[in-house]
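Worksheet: one structure, shown below.
The values are calculated or read from the model by the stated rules, or taken from the named source; none is laboratory data. This structure is a prediction, so every number in the text was calculated from the model and none was measured. All Cβ positions, even for glycine, are placed from backbone atoms using ideal geometry, and neighbour counts span all protein chains on display. Surface accessibility is based on the protein's heavy atoms, side chains included, excluding ligands, DNA and RNA. Shrake-Rupley method; radii C 1.70, N 1.55, O 1.52, S 1.80 Å.
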Amino acid sequence: MVIPLTREPSFATRCVHAGEGHNPYGAHATPIYQTSTYVFESAEQAAATFSGGPGYRYIRSAPNTPTHAAFIEKISSLESGEAALAFSSGMAAETAVILSHLAAGDHLLSANVIYGGTYGLFSTLFPKFGIDVSFVDTTDPEGVSASLHENTKMIFLETPANPTMAVSDIAAISRIAREAGALLVVDNTFATPYFQRPLQLGADIVVESCTKYIGGHGDLLGGVAVASKELIQRMKRPSLLAGGTMGTHEAWLCLRGLKTLHLRMERHQENAMQLATFLQNHPKVEKVNYPGLAVHPQHLVAARQMSGFGGMLSFEVKGGVEAGRTLMNRLKLCSLAVSLGSVDTLVEHPASMTHAVMPKEMREQLGIADGLVRVSVGIEGGEDIIADLEQGLDGI
Ligand code: LCS
């Protein structure tokens, strides 16, 4: 950050200013440095950079480009981390975290409620390379303790979790992880650093899909990992070799998206709270999952570790999958689509879309019922979102 301030700037000020201003021409907006490689002044300078010295050398090698560097500085500041790496997707960020910190023979303890893609990665890909994975209910810290193995090297969780909005106690699990000598990795995609900062609660690494609230407009694919300098340093070479680097234009879109994160998240949350309350009182709705509701089983944990409850919710309609389908087909303002965290409201059916990869018995046990509908509540007028769902429910 180049603005001279006498005290630690607020979150909102860091959204706008952190990482900005590093360019030689005084451009007001950080430029898109659309280049794959860098020209050295001498063979000696090239050799020094390649042997670990400062400076840019090639786009796959962090800090990639000055545009990436600005984004990395901004997201590190917002997540209260020391350093970060930017990836081509949230999945690439998760893959790089695992490849960098685990090896064959290690055990990964993962939350059982997680994004379907993450479940697929952990259940099918890493076991092929000798990483032992188990899926555990991380809403119960004692159960996490009891499920540790001798060789547990990492605990991975999402909170709030996709799609049931289950909440795990980050501080309690970070103490368990530290005692076991394992790293705690928290996927902060749903909460974003505006509402929750896992590193301050004791997590070692935060991962996020930038495709969601960080970009914020549903027009990019990206991911990020934020941690201490030491842990990010350990990830640099594996990430360079695995090759899932964020593109420059995406880094610029993320940098721009983050400038309004605080404003967008407030509105997402306001609309989500209104919609959750409306759905909770609707006769055709069986159950609403939103951590801001007092009936949410981990409402108190959420209230303790988050400064707001976010813009994601899910609910079960009476009448199961058929009723859910009827509802989704009737929506006019809300779009039927996967992904989340965009300015517009997106509705999807986890059992047949994002979480179709999970075995049905597992889904049912975890509360991902066939009639569950997930809503990524946008920043439109809240009354319009409610009206659309109301007319959708009327058709059931
Ligand atoms: N973590 C969470 C919590 C996610 O929801 C997703 C994607 C990812 C990681 C992976 O990020 P990506 O590689 O897509 O950037 N979630 C999606 C969803 O619920 N619908 O479509 C994608």
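Taking the stated definitions as given, is Pro283 under 21 Å from Leu393 (Cα atoms) and surrounded by fewer than 19 Cβ atoms within 10 Å (Cβ to Cβ)? So Pro283 passes the test. Just need a number here: residues in segment 184-205 that are open to solvent by 30 Å² or more (accessible area, probe 1.4 Å) and touching a residue at least 40 places away in the same chain (Cβ under 8 Å). Count: 5. Among the residues of segment 105-117, which ones are within 14 Å of the ligand (Cβ to nearest atom), crowded, with 21+ Cβ neighbours inside 10 Å and over 19 Å from Gly215 (Cα atoms)? If the condition is that a residue be within 14 Å of the ligand (Cβ to nearest atom), crowded, with 21+ Cβ neighbours inside 10 Å and over 19 Å from Gly215 (Cα atoms), then Ser110, Ala111, Val113, Ile114 are the ones that fit. The residues of segment 269-280 that are open to solvent by less than 60 Å² (accessible area, probe 1.4 Å) and in contact (Cβ under 8 Å) with a residue 40 or more places away in the chain, listed by number, are Gln269, Asn271, Ala272, Leu275, Phe278, Leu279.
For segment 81-104, which residues satisfy the criterion of being touching a residue at least 60 places away in the same chain (Cβ under 8 Å) and within 14 Å of the ligand (Cβ to nearest atom)?
Quick first cut of segment 81-104, residues touching a residue at least 60 places away in the same chain (Cβ under 8 Å) only: 81-97, 99-101.
Passing the criteria: Ala86, Phe87, Ser88, Ser89, Gly90, Met91, Ala92, Ala93, Glu94, Thr95, Ala96, Val97.
Checked against (1) in contact with a strand residue (DSSP E or B) (Cβ under 7 Å, 6 or more places away or on another chain); (2) farther than 21 Å from Leu148 by Cα; (3) more than 13 Å from the ligand (Cβ to nearest atom), Phe190 passes all but a single condition, namely (3). Filtering segment 55-104 to residues that are out of contact with any Ser or Thr (no Cβ under 8 Å at 6 or more places or on another chain), closer than 19 Å to Pro24 by Cα and open to solvent by 40 Å² or more (accessible area, probe 1.4 Å) leaves Pro63, Glu73. Looking across segment 326-342, the residues that are under 20 Å from Gly310 (Cβ atoms) and surrounded by 19 or more Cβ atoms within 10 Å (Cβ to Cβ) come down to Cys334, Leu340, Gly341, Ser342.
Using the structure shown, decide if Thr6 is modelled with pLDDT of 95 or more and either open to solvent by 10 Å² or more (accessible area, probe 1.4 Å) or out of contact with any His (no Cβ under 9 Å at 6 or more places or on another chain) (or both). In short, no. The helices (runs of 4 or more DSSP H) found wholly in segment 300-396 and carrying at least 3 residues that are within 24 Å of Ser168 (Cβ to Cβ) occupy 360-366. Taking segment 262-299 as the range and being assigned to a helix (DSSP H, G or I) and either aliphatic (A, V, I, L, M) or in contact with a helix residue (DSSP H, G or I) (Cβ under 6 Å, 6 or more places away or on another chain) (or both) as the test, the residues that pass are His262, Leu263, Met265, Asn271, Ala272, Met273, Gln274, Leu275, Ala276, Phe278, Leu279. Considering the conditions (1) without any contact (Cβ under 8 Å) to a residue 60 or more places away in the chain; (2) more than 14 Å from Val185 (Cα to Cα), Gly116 is excluded by exactly one of them, (1).
Go over the candidates Glu266, Glu208, Glu230, Glu250 one by one and state the one that is away from the ligand (no atom under 11 Å from the Cβ), of a type outside the set (S, T, N, Q) and in contact (Cβ under 8 Å) with a residue 12 or more places away in the chain. I'd like the intermediate steps shown before the answer.
On the way: Glu208 fails: away from the ligand (no atom under 11 Å from the Cβ); Glu230 fails: in contact (Cβ under 8 Å) with a residue 12 or more places away in the chain; Glu250 fails: away from the ligand (no atom under 11 Å from the Cβ).
Among Glu266, Glu208, Glu230, Glu250, only Glu266 is away from the ligand (no atom under 11 Å from the Cβ), of a type outside the set (S, T, N, Q) and in contact (Cβ under 8 Å) with a residue 12 or more places away in the chain.
Only one residue in Ser145, Ser174 is open to solvent by 30 Å² or more (accessible area, probe 1.4 Å), over 25 Å from Gln269 (Cα atoms), modelled with pLDDT of 95 or more and not charged (D, E, K, R), so which one is that?
Details: Ser174 fails: open to solvent by 30 Å² or more (accessible area, probe 1.4 Å).
Exactly one of Ser145, Ser174 is open to solvent by 30 Å² or more (accessible area, probe 1.4 Å), over 25 Å from Gln269 (Cα atoms), modelled with pLDDT of 95 or more and not charged (D, E, K, R), namely Ser145.
Quickly run through segment 155-183 and pick out the residues that are of a type outside the set (Phe, Trp, Tyr), within 26 Å of Ala356 (Cβ to Cβ) and in contact with an Asp or Glu (Cβ under 9 Å, 6 or more places away or on another chain). Within segment 155-183, Leu157, Glu158, Thr159, Ala161, Asn162, Pro163, Ala166, Ser168 meet the criteria.
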